[in-house]
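Heads up, the thing below is written out as C-alpha cells.
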Amino acid sequence: MKQFKGRIVAKGSATAKALVSHNGLNTLASFQKALQFGDKTATCGDQNNPDLYGKQMAGKALCLPRTIGSTTGGLVLYCACAMGRQPACMLFSEPIDSLAAAGAILQDVWLKDSSMPVIDSLGDEFLSYVKDDMTITVKDDGIVEVSD
Amino acid sequence: MKLTQEQQTILDGKKGETQAKVMETLVRYGELFGADEMVPITSKYNHLVTSFGLKALGAVYSLLDQLIDAGAVSKQEFSADPRPLDKNVPANLLEKFVFNNFMYTKQEEYEKQLEKLGLMNKNAFTCTAYMPEVGNVPNKGDILSWSESSAVVYANSVLGARCNRNSGIIDIMGSIAGFVPSFGLLKDEGRKATWVVRIETSKKPEAQLLGSAIGMKVVEDVPYIIGLDKYLDGKLDDDAKAYLKDFGAATASNGAVGLYHVENITPEAVEQGRSLIAEGAREYVIDDAELKRVYDSYPIIWKNKDAKPKLCFIGCPHLSMAQLKGWSRDIKKALEANGRRKVAVPTVLTTAPDVLEAFRKEKEYQDLVNVGVILSYICPLMYMNNPICQKVPTITSSNKLRTYTSARYYRDADLLEIITGGRN
C-alpha cells in the first residue's frame, strides 16, 4: 500500500477500483453517449483515449493528469453527478484544469445528494504507480491510499 | 481571495441563497487557481457554450430555473453556440424521430430559458459570434466570462481579449455576478508562452492539422508560433482570421489551448514580440513529416473503413463569409474539372444565421445551391452526437468534429476532390 497526498478540490471519502488515463480526459467525448443513451455504467466513448475507450467509468476511482477539450466539460461532469453516473472520485496528478474544477465545484455547491471527492496535485509518481483495478481509498483529509 | 464589500455581502447571503451560491461557486473556482481578486467583466456581450436542449442535461435546466426564479438574471446579453437541429440538413425518418422525440426534447423550453436569461436575439446561435455580421466582437483587453473553447481561444489570441477557458454554467454565473476571478489568461504572466513552436513545413500547413499537432503537444500551455506569418502574408486580414479560427479550434479541442501567439500576426505578438516567451520555454518543431505523423495517427472508427461517404460537413467552427465564398468558387471549379453538375456527396456548409442571411444576397450562394450544397446554421457536432448518425460514414475538414464524433477528417483539398467526384 502506498499513500499520496494531494489538494482537496471537493471534500469526501470513497473506496473504489482504479481506472487510469495517462492522457487528458476529454470529458465531452468520454461521457456524451453515456449521458444521452441510458448507459448507467458510463462507458467511455473517447476514441482518442486508448486507456479509457470502451471502459466503464461510473463508480471507478478515475486517475488522470487533467481534462481537455470542450468547455461543456464542467457541465457534463455536473450532469453525470446529477444522474448518478459519475466516477466514485477523480484523482488528478497535476493541478486541476478550469473545466474539471468547474464540474467538481458545481456538483459540490449545487447538488444536494452528490458526493464525488476530487483531489488534485497528486504528482507524476501517483500516475505512474497506480494501475487499473488497484484499490483506491480517498480520505477526508486528501490522503489517497493505493493498494493492489 | 480579497473580496470587495459588495462581493462579500453577496457571499454572506444578504442577497439570498442563490446569489450566495453563485458567488461561492466563483470564489472557490478562482481560489483553486490562486486568484487574488474578482475583476469586473468589461465586454458588451457574453457567450455561452450550451445551446442544445438535450434531455440528458436536465440538471442544467433545473439549475437555470433556480437562477431565474431567484431573479439571478444576467446583467449582460449573450450569444450561444449553434442550434443542434435544422430541417434543411439531411436526416432520415429514424434520425428525425430520435432527434425530436428522444434527444432534443427540451430545445424549445431551453431557448425560452435563454431568452429570460438575456439571449441577444433569435439569431444569436453560433460558435463564431465574433463574426462582424453577428456583432459579439470584444475589444482588445476586455475581460470576458465566455465559454466555447474555439471562441475563447479566438477571443484571447486574435482579438486580444482576456478570458479563461470557462466551463458552461460558470460562463453565465460570471455574467450574473458581473465579476470573474482574476487568474490564468486574465493576467499578464498567464499570457506568457511556455512553448516555442517553429513551423518548418515546405508549404502553408493545413490550419486544422497544424492546430491539432500543437494542441496535442502543448495541451493547455501557451505556444508562441514562429514561421507561420509568411504563410499568412504577414497580416491579420480576413483570410488570416479565418485560418486562425480553424487553427485555434483544433488546438482547443485536440488539446486545451486557450491562447496562442503568432509572431508578427496576433496583436500581443505584434506589440511585444519574443518578450512574450517565458524563460525555459520548451520547443516543438513542425515539419512535413511531423504533420504526416499526426495525420496518420487519427483512428478511423467507421465499421467499414472503405465505405463511400454519405455526408460531408464543412464549417466546425462556423464558416466566415470569406470562407463561404472560397468554398463556393472551389467547388464550382472542381465540379467543372471533374465533369459534374452536382456534388457527389451530400454536403453541408455551416455558418452563423446572420452570416447566412448576408450570404444569401451574394452570387456565390446561388452557385452553391445550384450544385446541390446545403447551407445551414446547425452545429454538426450536436447533429452527429448520437449512435444513429455515428453509423453514417461522414467526412469533414474539421478536426474538432473528428475528435468528438465518428466523422473522418480530410484535408480541404482531399475533401474537395471527394465531394466533387474526383475520387472516392
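Rule-based calculations on the coordinates, nothing more; no lab input. Quick caveat, the model's predicted, so the values are computed rather than measured. Backbone-built Cβ (ideal geometry, glycine too); neighbour counts: all protein chains shown.
At-a-glance table
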read-out	value
Within the protein assembly as shown, helix-based [θ] at 222 nm, where runs of 4 or more DSSP H residues each add -39,500 (n - 2.57), nearest 500	-10500 deg cm²/dmol
Residue exposure sequence - B:Trp195, B:Trp302, B:Trp146 - by fewest surrounding Cβ within 10 Å	B:Trp302, B:Trp195, B:Trp146
Quotient of Cα Rg and 2.2 N^0.38 Å for the stretch B:189-296, N being how many residues it contains	0.96
Ordering of B:79-85, A:40-46, B:98-104 by packing [mean C-beta count within 10 Å, highest first]	B:79-85, A:40-46, B:98-104
Cα gyration tensor shape of the stretch A:1-128, rounded if a/c is under 1.5, else prolate or oblate by comparing a/b with b/c	rounded
Built amide H within the under 5 Å cut-off of B:Val180, gap 5+	B:Val39, B:Ile41
Cα centroid of the stretch B:339-403 to Cα centroid of the stretch A:1-31, whole Å	39 Å
Proximal lysines relative to A:Lys60, as straight alpha-carbon distance under 26 Å, when same-chain residues fewer than 8 apart are discounted	A:Lys2, A:Lys5, A:Lys11, A:Lys17, A:Lys33, A:Lys40, A:Lys112, A:Lys131, A:Lys139, B:Lys55
Tilt relative to chain B, helix B:58-69 - C-alpha long axis, 0 to 90 degrees, to 10	40 degrees
Sequence of B:Lys21, B:Lys96, B:Lys361 once ranked by neighbouring C-beta atoms within 10 Å, starting from the fewest	B:Lys361, B:Lys96, B:Lys21
Cross-link table B:Lys14/B:Lys116; B:Lys217/B:Lys292; B:Lys44/B:Lys122; B:Lys15/B:Lys75, entries beyond 20 Å C-alpha to C-alpha	B:Lys14/B:Lys116
Computed P(r) (all Cα pairs; the protein assembly as shown; 20 Å bins; percent)	22, 58, 20, 1
Lysine pairs within the stretch B:311-419, Cα separation less than 13 Å, 8 or more sequence positions apart or different chains	6
Pair-distance profile P(r), taking every C-alpha pair of chain B, with 10 angstrom steps and integer %	5, 21, 31, 26, 14, 3, 0, 0
Ellipsoid semi-axes in whole angstrom, largest first, where each is sqrt(5λ) of the Cα gyration tensor of the stretch B:5-186	29, 21, 13
Burial ranking of peptide ranges A:121-127, B:247-253, B:308-314, B:180-186 (average Cβ count within 10 Å, highest at the top)	B:247-253, B:180-186, B:308-314, A:121-127
Calculated Rg and Dmax of the stretch A:96-148 using C-alpha coordinates, Å	12.8, 35
The stretch B:50-90 versus the stretch B:128-185: alpha-carbon centroid distance in Å	18 Å
Neighbour-count order for A:Leu28, B:Leu335, fewest beta carbons within 10 angstrom listed first	B:Leu335, A:Leu28
FRET E, pair A:Ser115, B:Lys361, Förster distance 51 Å, beta-carbon r, rounded to 0.05	0.35
